[in-house]
Amino acid sequence: MQAPEIKELLEKYKKGVITDEELALLETCYLQWRPEPLDVSAEELETLKSEVWQSLHLQDAAPVRRHRLKRLAAAAAVLLLLGISLYYLVVGSGRKPDTTKMLATRNQADEFKPGGNRATLTLSNGQQIILTDAQNGKLAEDASVAINKTGDGELVYGHPQKQAVTAPTLNTLSSPRGGQYHLTLSDGTQVWLNAASSITYPVAFNGKERSVTVNGEAYFEVAQQEGLPFRVHTTKQEITVLGTHFNVKAYPDDPDISTTLLTGSVKVTNTTSGIAGVLKPGQQARTMHSGKQLDILPVHAEDAISWKNGYFLFDDQDITSIMKIISRWYDVDIEYKGPLSNERFGGTFSRASYMPEILTNLERIGHVHFELFPGKVIVTTQGK
């Protein structure tokens, strides 16, 4: 889309006549259009962003939609000012970013393609199925339950026959770095598995509860079954629900484990201390790997599932936290040389972007420099 077309859509929004399809198109431009360097100070950008925010008359919108559109307003400010689609800002910095050379040519960028639907299914007998290579249709049958792969790249378990209560037959779905996958369990619960993650679950739930174990990150939409609670186990948390939508992030190399609630109600327990709390929508429970506390904080819950919705959302994060996310999605190792700046970054990037495009923009706005090698990125600090 060209700038005049985008302006026309923004005008439609201000007049209240924009369609859902046009609004989605505008937001897609915000998330995916390649940026150019911003020749504007942080103060100027914030002022314009505020003006656009007011002009969109968002104060009467519902809370969740208002938060989504406020981010769109930030993009709109930049679109109107410079004809580009993304806003990048080093938090607390008012300097103008310098233009830098591209980190890689397109041929080099091809070595750093984004991740996609890739995962391995391990059956109860130890057999492994590489889902990327598997044909669509019925893959296997385990404990009399059919396991199918759909054309959309989803793994779906059939409904089991009524069985006597026995020890559960377990399967494990594992995504590598650079992978993700969508899973439907036999009870109808849907799970989206992020990169470098795994979930172990019964082929059929035939006891007094439904229990799964997660390592890494997963988003759940739990099918409600009265009197049959759904439990998610991580290394430091146990989450108990009846039917709800929530995100669990439990990577072993992150400092904490978090559960974020979007709808419904969940009980989260620190498995070390036994301390428990009940979350309401828009709250997050955090547990340090080495701690006994359970902290419950208000958050923008939809930000926690930006990965599921196809984009990275960096909000006041340091470079090491950002590079962990980059490493998992693009399947690269990260190496740091010398002391790092304590800058914090904010920005939104499509997960469909080539990695060098993201790193180039981080380099433009911060005192950070990247060197790209096959399967590895070296991060250093540079002056501006």
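The values are calculated or read from the model by the stated rules, or taken from the named source; none is laboratory data. This structure is a prediction, so every number in the text was calculated from the model and none was measured. All Cβ positions, glycine included, derive from the backbone under ideal geometry; neighbour counts span all protein chains shown.
One table, with the values for the structure above:
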| quantity | calculated |
| --- | --- |
| Matching residues, the range 229-254, being out of contact with any helix residue (DSSP H, G or I) (no Cβ under 9 Å at 6 or more places or on another chain) and in a loop (DSSP other than H, G, I, E, B) | PRO229, THR234, THR235, LYS236, LEU242, GLY243, THR244, PRO252 |
| Count of the range 337-380 residues which are among the basic types (Lys, Arg) and either under 15 Å from ILE326 (Cα atoms) or not assigned by TED's automatic domain parsing to the domain that holds GLN317 (or both) | 2 |
| Search result, residues across the range 188-208 that are in a loop (DSSP other than H, G, I, E, B) and in contact with a strand residue (DSSP E or B) (Cβ under 6 Å, 6 or more places away or on another chain) | ASN194, ALA195, ALA196, VAL203, ALA204 |
| Residue check for GLY153: at pLDDT 95 or above, farther than 15 Å from THR122 by Cα and of a type outside the set (D, E, K, R) | no |
| Selected residue (criterion: surrounded by the fewest Cβ atoms within 10 Å (Cβ to Cβ)) from residues of the range 148-164 that are touching a residue at least 40 places away in the same chain (Cβ under 8 Å) and closer than 22 Å to THR200 by Cβ | GLN163 |
| Of all residues making up the range 108-150, the number that are in a loop (DSSP other than H, G, I, E, B) and hydroxyl-bearing (Ser, Thr, Tyr) | 4 |
| Flag for ASN171 being assigned by TED's automatic domain parsing to the domain that holds GLU209, buried (at least 17 other Cβ atoms within 10 Å of the Cβ) and outside any loop (DSSP other than H, G, I, E, B) | yes |
| Residue that is farther than 20 Å from ILE296 by Cα, of a type outside the set (Val, Ile, Thr), modelled with pLDDT of 95 or more and part of a strand (DSSP E or B), where the choices are SER258, SER211 | SER211 |
| Spans of strands (runs of 3 or more DSSP E) in the range 273-317 with at least 2 residues closer than 19 Å to ASP253 by Cα | 283-288, 311-317 |
| Members of the range 324-380 found to be among the aromatic types (Phe, Trp, Tyr), within 16 Å of the chain's Cα centre (by Cα) and in a strand (DSSP E or B), listed by number | PHE349 |
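Conditions tested, residue by residue: (1) under 18 Å from GLY216 (Cα atoms); (2) buried (at least 16 other Cβ atoms within 10 Å of the Cβ); (3) in contact with an Asp or Glu (Cβ under 9 Å, 6 or more places away or on another chain).
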residue	(1), (2), (3)
TRP307	yes, yes, yes
PHE314	no, yes, no
THR320	yes, no, no
ALA352	no, no, no
